[in-house]
1. When averaged across all projection directions, what area in nm² does the alpha-carbon convex hull of the chain cover?
2. Among DSSP bridges having both ends in the chain, what percentage is antiparallel? Round to the nearest 5.
3. Rounded to two decimals, what is Rg over Rh for the stretch 90-154 when you use alpha-carbon atoms and the Kirkwood radius?
4. Can you list residues from other chains, or at least 5 along the same chain, whose modelled amide H is less than 5 Å from the amide H of Thr256?
5. Long-range amide H contacts for Leu30: which residues qualify at under 5 Å (H placed 1.01 Å from N, peptide plane, sequence gap of 5 or more or a different chain)?
6. At 7 Å along Cα-to-Cβ for each site, give me the label-to-label distance between Ile255 and Asn267 in nm.
7. If you wrap a convex hull around the alpha carbons of the stretch 1-46, what volume per residue comes out, as a whole number of Å³?
8. For Glu205 and Glu145 in one chain, what is 0.36 nm times their gap in residues minus the Cα-Cα distance, to one decimal in nm?
Amino acid sequence: MKIAIAGHSGYIGRYLQNFFQRDAEIELILRLGRSPDSDQHLDLLEAEKFNYEVLDEIDYVILTSAISSPDKCAAEFDLSWSVNVVGTEYFIRQAIKRGCRVLFCSSDAVFGDVPGTIYDELSETAAMTPYGRMKKTVEDTFKKEMRFKALRLSYVVSAEDKYVSYCLSCIKTGETAVIFHPFYRNCVTIDDVASAVSWLINNWEKYKPFALNAAGKELVSRVRIADEINHCLNGSLHYTISYPDEVFFQNRPRITQMRSLYLKEFNIFPDNTFTEKIQKVLEELKP
């Protein structure tokens, strides 16, 4: 099997590249992006300039490239739309024309912000934020295309994600972390994401829906994550809780509760608790 990772130098792309390098079934990993070590230069702002002939023998394209900051998507809407929608859709169309199957990394942001609602794969998408609208637009464009699937990610936890990295840096420097609350998601780990990607590309025909929700079984706050870090690392994180104003929540819902109808049925990744998930993430950091 030959795969391409678009956005290979990003947070998720880097992990997927390392993950698939250990997979004996993967003959080739084609790295696409703007970094100097890319095998082929890909800038979604100029998607029409990409050399699509390199995809002729690629079986699966995993598309992680995006402007993913909700605030940047709002503040620089036109630029972000050009990358996240116009360039992304052009790239997907060309990849599909070449016979590739495209796995698009989407987001729980495609759903709305209705209090008390738990969203699954059959729920209506009614994105409220600029970032969510961009992801939803791409999903809507290709959802009837057999060579397209969307993997909707909740917050992805690892030792390198922005929030956990911030907490770990505060431990290292002795600073007191400032944690925004309320802010809840059905967090998954980066290893869960890799397992979901691997399962989908190996079971493309078996999995009939166009989207899969990558969501943990628990609704988790940032405060909970901080407490789990303290539990694993001997209470070394000191923090205060901050209650941000409405401006902060204009581009991100306070709570997005997402579940999957299919993760457990197909045993796509472990159906374990968030405590078990984050303990595995942090075990190598224990003193």
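Each reported figure results from applying straightforward, stated rules to the coordinates on display, with no laboratory input. What you are looking at is a predicted structure, and each value in this text was computed from that prediction instead of being measured. Every residue, glycine as well, gets a Cβ built from its backbone with ideal geometry; the counts of neighbours run over all protein chains shown.
1. Averaged projected hull area, Cα only: 15.0 nm².
2. Looking only at bridges with both residues in the chain, the antiparallel portion is about 5 percent.
3. Here Rg/Rh amounts to 1.01.
4. Correct list: Tyr184.
5. So Leu30 has HN proximity to Ile3, Ala4, Ile5.
6. The modelled label-to-label distance comes out at 3.4 nm.
7. Output value, Cα hull per residue: 67 Å³.
8. Full extension of this stretch gives 20.3 nm more.
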